[in-house]
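Below: one structure, written as structure tokens.
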Amino acid sequence: MPRANPLKQGSSAHDLGNVSPPVDYFNLYNDTYGHQAEDNCLRAVARAININLKRPGDLADRYGGEGFAVILPQTDLYGAQHIAKIIGSEIQQLKIPHAL
């Protein structure tokens, strides 16, 4: 499940939410299915994240080899948690197969 973190607290104009959706067991996924499947998986997860970012200032990017960072300006902790739940649900709905 993505984590939501307040990066700065104050008035809503100064709040900055951060959501970090992890891709669990990604190294094993890559070892099992190969580089092309890895690329397809990351693209699918990125799409699932991006379709839930509705405001012009919201930003998602890769963080490290297997994670993503979502920056949500003017978003308090509760707003970031709400977006994290939506993104987590969207990623789960992808039902990406894994040989665990």
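The values are calculated or read from the model by the stated rules, or taken from the named source; none is laboratory data. All values reported here derive from a predicted model rather than from experimental measurement. All Cβ positions, even for glycine, are placed from backbone atoms using ideal geometry, and neighbour counts span all protein chains on display. Keep in mind that these areas ignore ligands, DNA and RNA; they rest on the heavy atoms of the full protein, side chains included. Shrake-Rupley method; radii C 1.70, N 1.55, O 1.52, S 1.80 Å.
Which of the residues belonging to region 59-75 are more than 27 Å from Asn27 (Cα to Cα) and open to solvent by less than 70 Å² (accessible area, probe 1.4 Å)?
Leu72, Pro73, Thr75
Which of the residues spanning region 33-85 are outside any helix (DSSP H, G or I) and in contact with a Phe, Trp or Tyr (Cβ under 8 Å, 6 or more places away or on another chain)?
Of everything in region 33-85, those that are outside any helix (DSSP H, G or I) and in contact with a Phe, Trp or Tyr (Cβ under 8 Å, 6 or more places away or on another chain) turn out to be Ala60, Asp61, Arg62, Gly65, Glu66, Ala69.
Kindly check whether there is at least one residue in region 90-100 that is in contact with a Cys (Cβ under 8 Å, 6 or more places away or on another chain), of a type in the set (A, V, I, L, M, F, W, C) and open to solvent by 20 Å² or more (accessible area, probe 1.4 Å). So that I can check it myself, show each step before the final result.
Initial filter on region 90-100 (in contact with a Cys (Cβ under 8 Å, 6 or more places away or on another chain)): 96.
Next, only the ones that are of a type in the set (A, V, I, L, M, F, W, C) stay: 96.
With open to solvent by 20 Å² or more (accessible area, probe 1.4 Å) added as a condition, the list becomes 96.
Checked against the condition, which is being in contact with a Cys (Cβ under 8 Å, 6 or more places away or on another chain), of a type in the set (A, V, I, L, M, F, W, C) and open to solvent by 20 Å² or more (accessible area, probe 1.4 Å), region 90-100 yields at least one hit.
Filter region 86-100 down to residues that are part of a helix (DSSP H, G or I) and touching a residue at least 24 places away in the same chain (Cβ under 8 Å), then give me how many there are.
The total comes to 6.
Being in contact with a Phe, Trp or Tyr (Cβ under 6 Å, 6 or more places away or on another chain), modelled with pLDDT under 90, surrounded by 13 or more Cβ atoms within 10 Å (Cβ to Cβ) and of a type outside the set (Lys, Arg) narrows it down to one of Pro2, Pro21, so name that one.
Pro21
Can you go through Ala80, Ala48 and tell me which one is closer than 18 Å to Asp15 by Cβ and buried (at least 17 other Cβ atoms within 10 Å of the Cβ)?
Only one candidate passes the filter, namely Ala80.
Only residues in region 33-55 that are over 16 Å from Ala69 (Cβ atoms) and hydrophobic (A, V, I, L, M, F, W, C) count as the first member; pair them with residues that are modelled with pLDDT of 90 or more and open to solvent by 30 Å² or more (accessible area, probe 1.4 Å), Cβ under 9 angstrom, at least 6 apart or cross-chain, and list the lot.
Cys41/Tyr33; Cys41/Leu94; Ala44/Ile91; Ala44/Leu94; Ile51/Glu90
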